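All remarks here apply to the structure that follows.
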Amino acid sequence: MRRPRMRLVLGIALPVLVIVILLAAWAIDTSSASGKVPRNTTLAGRDVSTFGEDDLAATVADVAEEYATADVQVRTDQKSYKIPAKDLGLMLDEDATVNAALDLPTGPIAWASSFLDERTVPLTFVVDEDQLKAGLAELGGNAKPTEPAIAAGADGFTVVSGSDGTRIDADGVAKQLRERAERGQLPLVVDAD
């Protein structure tokens, strides 16, 4: 009976040993980080790696306040308006954002890739439609249409032309506001259509 060659044994044993060591390192690292944010993770540009739920909730609250007080530039064809995001009803869903951070994948492939690239926690925003409509109404970008009229002037009667009027569409602004905030864009700029 022939003995297996040393090269064959090493050729099989070394890759298996490397895989076992990597899996053991993954298991130890992920079990020690149980209930915490996975390694190499950011939230709105802030490092939240290995944060527990309490520290993470405090960081999410800071991000929520930053976005609530951020100015939103609402651009219309005639003028641009600035208004705080909270006055347009933009709010970070703090519970959903904390859960998203704690639920990031921690499998062996995700764990190995975390050494090469940082993970970003997705931000989840909601817009209060009533507050948005009230905030847009305060801007003054809405004007009712006017009919042409005949007016008395110094030299007799003159024709005053009418106007089409303008209206800032709350649905379009809400969608853009939410999308830009969830992408992490600051300052927030939306176009009113």
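Taking the chain as the region of interest, the number of lysine pairs whose Cα atoms are within less than 17 Å, with members eight or more places apart or on different chains, is 6. If you plug the beta carbon distance of R46 and V189 into 1/(1 + (r/R0)^6) with R0 = 25 Å, you get a FRET efficiency near 0.65. Beyond 22 Å, the tail of the calculated P(r) for the chain holds 64 percent of the Cα pairs. Specify the inter-centroid distance of region 35-49 and region 78-118, based on alpha-carbon positions, in whole Å. Cα centroid of region 35-49 versus Cα centroid of region 78-118: 11 Å apart. Computed over the alpha-carbon pairs of region 1-115, the distance histogram in 5 Å steps reads 2, 10, 14, 13, 11, 10, 8, 7, 6, 5, 4, 3, 2, 2, 1, 1, 0, 0, 0 percent, short to long.
Taking every C-alpha pair closer than 8 Å and separated by at least 6 residues, the mean separation divided by the residue count of the chain gives a relative contact order of 21 percent.
Since every read-out is calculated from the coordinates, none of them should be taken as a lab result. Keep in mind it's a predicted model, so treat the numbers as computed, not measured. Glycine also receives a Cβ, built like all others from the backbone with ideal geometry; neighbour counts cover every protein chain displayed.
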